[in-house]
Amino acid sequence: MVSYLILTHFKKTAEFVTDDAEDATVNKIALWLCTFTLSVAVCAVLLLPISILSNEVLLTFPHSYYMQWLNGSLIHGLWNLVFLFSNLSLVFLMPFAYFFTESEGFAGSKKGVMARVYEAVVLLLLLALLVLGIVWVASALLHDNIARKSLYDLWEYYLPYLYSGISLFGVLLLLLCTPFGLSRMFSVTGSLLVKPRVRLTQQAVLCFSNIVKSFVALKSPFVAFLFFDFLLVLAEMRRKASPWQRNLAYPLAMLVLLGLTVMCVLMVCFNVLELLLDETALPRGMEDPHLGMASFSMFGSLGAAVQVVLILYLMVSSVVGFYSSPPFTGLLPRAQDTNLTEIIANCVSLLILSSALPVFSRTLGITRFDLLGDFGRYNWLENFYIVFLYNMLFAGLTSASLIKTVTWAVQRELIRAFGLHRLPLTVSRSTVPFRLLLASGLSKIQ
């Protein structure tokens, strides 16, 4: 229901309210397929948080009669269903929806919805054969034995191999989009934090220059300075119209972003050390989650809650980075003005990102909850060098974006917002960092 409401908010109304009943019916069917795909994407995002929280609930209420329905079998079934429906949506439903909206029926056939269905199905079969041939040749070049088996056993070897490649693409996309999204969020929050004072300074300088020119022409510079001081008071009052935003909301938002990002980097660095010292730190699959036996965090329920927050934070960052990157900026949906082709492209993109999120989080060591079902059968998860290089790249890119976007102006505004600029100048340099002293001095000069 939520997915349907989201899509109806962005869809172009003219495509569904037309004189051609056939086009309207085709578009409605494609919209329902997109709704299903977006729902699967949301379920994929919530897989790890629900699994982690379920384990903590069973640890807190181990003998509760009302929690008997919550068990490892239920969670394992959810993982399998999400994996199945992700494959179904990516391989069949979304290509069919695109072909269905673009088809007009074969030449010479009777027009109607079924004619479009026949054409879309034929195109989908041709696409499936093309992809099957490409992936089979690729698997033959890399793993000859697997390629021979996949030719005879399509479901057991070929589809997991295909989805392993799709998952690897999604994890690489997350690697690029997440640091870019973090940088984008820091830039926006930093501009909101610094902009009020910058605007005041620019406006004050402009008014001062105009007033001085006017009153100098009248040979009254003293009156000019008095009037300029009055304008500064008015500008200061205007700036204080919403002090809670300037002094509380924006600094707290920046601190929350800083805290979450620093925790992510520290956890990734700790995971790198574990990879170097212990081979069991590699992500792997498991058949029975054994819920309610032990916490998946060394800090108990609090650590599990932090893991859930970090997983959702990384997903939001990846979505922001995806829509902010130049190749995908044109996909950004617009309210009541997004055509159906763009909606299909957005659903496919979000499903690729969200279905790779469990593997992404476990590879980086954000959580110790091992992958369930077919999520843990990816071939590249057992490669130490790929996992190690992936962790190093994420830590490096995220640290670089953090250093680049958290400028001295943002640090100065944070120090001013929390009153640290009022520290006495008699404090020694050994107790206060150099940047804090410099920011305090700049604030006093200003």
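With r as the distance between the Cβ atoms of LYS110 and LEU255 and R0 = 45 Å, compute the FRET efficiency 1/(1 + (r/R0)^6) and round to 0.05. Plugging the Cβ-Cβ distance into 1/(1 + (r/R0)^6) gives 0.10. Element breakdown for the stretch 1-112 at a 1.4 angstrom probe: carbon and sulfur atoms account for 70% of the accessible area.
Of the residues LYS404, LYS111, ranked by 1.4 Å probe accessible area with the largest first, the sequence reads LYS404, LYS111. Converting phi to 3J(HN,Hα) with the Karplus coefficients 6.51, -1.76 and 1.60 and the offset θ = phi - 60°, the stretch 110-119 yields 5, 5, x, 5, 5, 4, 5, 4, 4, 5 Hz in sequence order, with x at every glycine or proline. Summed over the residues of the stretch 278-347 and divided among them, the accessible surface reaches 49 Å² per residue at a probe radius of 1.4 Å. In this structure MET114 has an accessible area near 110 Å², from a 1.4 Å probe over the protein heavy atoms. A probe of 1.4 angstrom, applied to the heavy atoms of all protein chains, finds VAL131 with accessible area near 50 square angstrom. Could you work out how far the C-alpha centroid of the stretch 24-44 sits from that of the stretch 88-126, in angstrom? First find each Cα centre; the distance between them is then 16 Å. Sequentially through the stretch 338-345, phi angles give Karplus couplings (6.51, -1.76, 1.60; θ = phi - 60°) of 10, 6, 5, 5, 5, 5, 4, 4 Hz, Gly and Pro residues having no value and appearing as x. Sorting 174-182, 79-87 by average packing, meaning the other beta carbons within 10 Å per residue, from highest down gives 174-182, 79-87. Amide H contacts of LEU371: ARG284, MET286, each under 5 Å away and 5 or more positions distant or on a separate chain (H built 1.01 Å from N in the peptide plane; Pro and chain starts excluded). Close amide H pairs (under 5 Å, H built 1.01 Å from N) link ILE366 with no residue at least 5 positions away or on another chain. Compared with the direct C-alpha span, the chain from VAL57 to SER191 gains 44.2 nm at full extension, assuming 0.36 nm per residue. For the stretch 168-178, backbone phi angles converted through the Karplus equation (6.51, -1.76, 1.60; θ = phi - 60°) give residue-by-residue couplings of 4, 5, x, 5, 5, 5, 5, 4, 7, 7, 5 Hz, Gly and Pro being listed as x.
The values are calculated or read from the model by the stated rules, or taken from the named source; none is laboratory data. If you're wondering where the values come from, they're calculated on a predicted model, not measured in any experiment. Please note: Cβ atoms are built from the backbone with ideal geometry, for glycine as well, and neighbour counts cover all protein chains shown. Just the protein is used for accessible areas: all its heavy atoms, side chains included, with ligands, DNA and RNA removed. Shrake-Rupley method; radii C 1.70, N 1.55, O 1.52, S 1.80 Å.
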